[in-house]
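First comes the structure, then the notes that go with it.
What follows is calculated from the coordinates using simple rules that are stated; it is not laboratory data. Just so you know, these numbers come straight off a predicted model, no measurement behind them. So basically every Cβ, Gly included, is an ideal-geometry build from the backbone, and we count neighbours across all protein chains shown.
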């Protein structure tokens, strides 16, 4: 494709390139050009489909008005909704969002950071993947404006937006205790990511506080790369033996949906035979015959906060780091039975 | 953020910028540099986190090895899965994908096309939004390599990947007839987009072929911008009166999920009181108490075909336009009852 240049437009209009430049790229100098000529130049630019060169504009303003977003897995509706929210909020601020999905893969994450930075984004919003500490530290060292969302690394001082994972898990498990469940299992991910660790800690502390069996034997972790198989195995282990679990707390919506498919296939009825709670909402959990009690993450607030903090960092490089922790709520539905 | 330049590295290494350039950007000339020096240069580049300038590389190779993808709504899992598939396939070909979501909004679509082209993508994969004909024609005029996926405009000659919408709808409705349903309604979108038009046509022709009531009175269309309200109204109309519908064919998964939520709230049982079929699969429809019969779109094949056709266009500008129509399949489950 051949890009239309200011010179092409100047030739067509029979004026100097400088004049075209005044009209199309430099608002302050536009007044120097007669109204009729300006109109003609704009019409020709439109006809030739002139694309203002963002990079040139960026060099002048120091900004490209574009945000890069890296989510962990775009096929997961949780991240699809985060992306949508961030896009809406960015649009309100006249920013465009271009994004990529790291698919929980640290190499892809590194590629995407490089590609987006080389595409002159003004800053990044990232849901960091496991093992990406070095990438995040490097962004910091390079003074790239960025904000982490959903996840963060406690050892790296950086702005982030997160929810109260520990308290939310503690509260969810306590609800299961209150509804009379005695053997509460948890299915989480096998990961070093802090937010999942906090959910596990909330689960264990809640059991401890209620003098229940130590959570360690009933806490199962699935590998992201072997999700379906590991979840089936976890559920088999939880539901077998002389004292099977009477409740399961799932650490994310993906785990819950995969788990409920398997539980359905076993013919186990919810909540009569098994109570279920999960983190995250999902249409699948709304439509389920026993709508699933869930920890609601305020995606809208999270997305808005991320855009606000990032734009402040872009505008003022010396801005202080912000740690924003947003409260979740427990939405109680049929899947736990009633008290 | 200050970008590390070849000169910065040269200064630190105590060598000429040309030497650094040979090592970092010009494989053919790298042999001219002693191995020890080359190693030192690479170590310093790594330490300073030098980012190769994709734009400069692109000028040399004529390519940026980046694909731009514009989906219609990233919060819809159908597009999330398309994005994921395209990304996996692009990765296999050493391309990175950056994407944006037009949210079914023609202005956003135009913005995104400009932003992505200005970011030097080698080509675009687009699910075009209603009213974007001019944008697509302009891409053609500019000779930008691009492929449309899921949707296309019959009046614009351009490469596209689509499914057999007419036949799939015809087949789905015929299945409802075969299972004994007498009054089959359809809930679709109010849109001029061709693929939805084809699904409506398939529905109407199937009714005609089976000598059933003309589909026009039982064919309802919801506005994208008022989805929930319009779907409720459509279903109320279909289920009211002396001869209520005994089956509904939903034109997409979003329509089906929203519709089933409302049908649930009315206490209507599926399939006993109402049979349901939809286009598109979804975890919500899998987990539903009466798993929903659906038209499976082969997302993996669609994504792979889109990447293949686009990369061929990028490599060979004179390549002929390809129209790829992939067959769907009807996955029969409980929601239609049995024959």
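A compact table of results
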{"item": "Helix-derived mean residue ellipticity, 222 nm - over chain A, DSSP H n ≥ 4, -39500 (n - 2.57), to 500", "result": "-14000 deg cm²/dmol"}
{"item": "Shielding by partners, peptide A:73-84 (average Cβ within 10 angstrom, other chains)", "result": "6"}
{"item": "Other copies of residue A:226: label-to-label distances in nm, shortest first, labels 7 Å along the beta-carbon direction", "result": "5.3"}
{"item": "Whole-angstrom Cα spans of the protein assembly as shown along principal axes, big to small", "result": "75, 67, 49"}
{"item": "Using alpha-carbon coordinates, inclination of helix A:77-92 to the longest axis of chain A, degrees", "result": "30"}
{"item": "Peptide B:125-135, shielding by other chains (average Cβ, 10 Å cutoff)", "result": "0"}
{"item": "Descending Cα extents along the principal axes, region B:173-316, whole Å", "result": "61, 33, 31"}
{"item": "Two-decimal Rg to Rh for region B:215-288 - Kirkwood Rh, Cα set", "result": "0.93"}
{"item": "Cα-based helix-to-principal-axis angle, B:299-315 vs chain B, degrees rounded to 10", "result": "40"}
{"item": "Net lengthening on full extension, residue B:268/residue B:211 (0.36 nm per residue, minus Cα-Cα)", "result": "17.8 nm"}
{"item": "Partner chain coverage, peptide A:111-120 - average Cβ within 10 angstrom", "result": "6"}
{"item": "Exposure proxy ranking, count of Cβ atoms within 10 Å, fewest first, for B:278, A:213", "result": "A:213, B:278"}
{"item": "Extension gain (nm, one decimal) between residue B:201 and residue B:32, 0.36 nm per residue minus Cα-Cα", "result": "54.1 nm"}
{"item": "Peptides A:121-133, A:197-209 ordered by average Cβ neighbours within 10 Å, highest first", "result": "A:121-133, A:197-209"}
{"item": "Shape of region B:161-241, Cα gyration tensor, a/c cut at 1.5", "result": "oblate"}
{"item": "Ascending count of other beta-carbon atoms within 10 Å, so fewest first, for B:211, A:210", "result": "B:211, A:210"}
{"item": "Region A:95-244: mean projected area of Cα convex hull, nm²", "result": "10.7"}
{"item": "Sequence-separation-based contact order of chain A, relative, with Cα cut under 8 Å and 6+ spacing, percent", "result": "16"}
{"item": "Ratio Rg/Rh [Cα only; Rh per Kirkwood] for chain A", "result": "1.14"}
{"item": "Relative compactness, region B:270-339, computed as alpha-carbon Rg over 2.2 N^0.38 Å", "result": "1.61"}
{"item": "Relative contact order of region A:222-339, pairs being alpha-carbon contacts under 8 Å that are 6 or more residues apart, as %", "result": "25"}
{"item": "Peptide ranges B:174-180, A:292-298 listed from the most packed, as the mean C-beta count within 10 angstrom indicates", "result": "A:292-298, B:174-180"}
{"item": "Two-site label geometry, residue B:140 and residue B:223: point separation in nm, points 7 Å out along Cα→Cβ", "result": "3.1"}
